[in-house]
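FYI, it's all coordinate maths here, none of it is from the lab. Note that the structure is predicted; figures quoted are calculated from it, not measured. Positions of Cβ are generated from backbone atoms using ideal geometry, with glycine treated the same way; all protein chains shown enter the neighbour counts.
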Amino acid sequence: MFSRYFLSLLGALALAFLAACGGSGPAPADRSKTVGDHFAITVGSRAVQMQVAVLPEELQHGLMFRPRLEPEEGMVFVFTRAQQMGFWMRNTEIPLDIGYFDPSGELKEIYPMYPHDERPVSSHSRSIQFCLEMNQGWFRSHGVKPGDRLDLAALAAALRARGLQPEAAGLR
């Protein structure tokens, strides 16, 4: 789903994130959670059942080949550092909106994306760390707008539930 410009950067970031995950501390109680699991995470005042994409293959695959999303479902993409982002819709069947969030979890920008459109939808900001894909029109119909916040504590808990270290993405 990413433009080729960002794939090389994505690989380097993912490797840094994975390296940070291999500590010698106690293993998490449940390592069975995957990108396929949903976590209740709030954005603005709305609870969303989010899948959490972190690993390289998850970030690259995103919502490709999915025939639909439930009304309150989405996928959040987590990166290890802030940067300008660009997503595209290769092999994506669902019309989506993408919300770009800064490292503090503040929603900065929202853009529509159209099925199979391979033109990158890039953020204007160079300080984006989290990206949320929802059904097209979801942000508008739920009154979620720039300035609203992503619940980073819930996102950190979701990462822990997946056996990952949220600190690698600057979360506690």
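Restricting the range 42-119 to chymotrypsin sites (Phe, Trp or Tyr not before Pro) that sit in a DSSP loop and have at most 12 other Cβ atoms within 10 Å of their own Cβ leaves 65.
Counting beta carbons within 10 Å around each of 42, 34, 92 and listing the fewest first gives the order 34, 42, 92.
Taking 0.36 nm per residue of sequence separation and subtracting the Cα-Cα distance, how much length would be gained by fully extending the chain between residue 157 and residue 49, in nm to one decimal?
Values: separation 108, 0.36 × 108 = 38.88 nm, distance 1.36 nm.
Result for the pair: 37.5 nm of gain on full extension.
How big is the gap, in Å, between the Cα center of the range 151-172 and the Cα center of the range 100-136? If you average the Cα positions of each part, the centres end up 20 Å apart.
Computed 3J(HN,Hα) for the range 65-79, one whole-Hz value per residue from the Karplus formula 6.51 cos²θ - 1.76 cosθ + 1.60 where θ = phi - 60°, is 6, 7, x, 6, 10, 5, x, 10, 9, x, 10, 9, 9, 10, 10, glycine and proline marked x.
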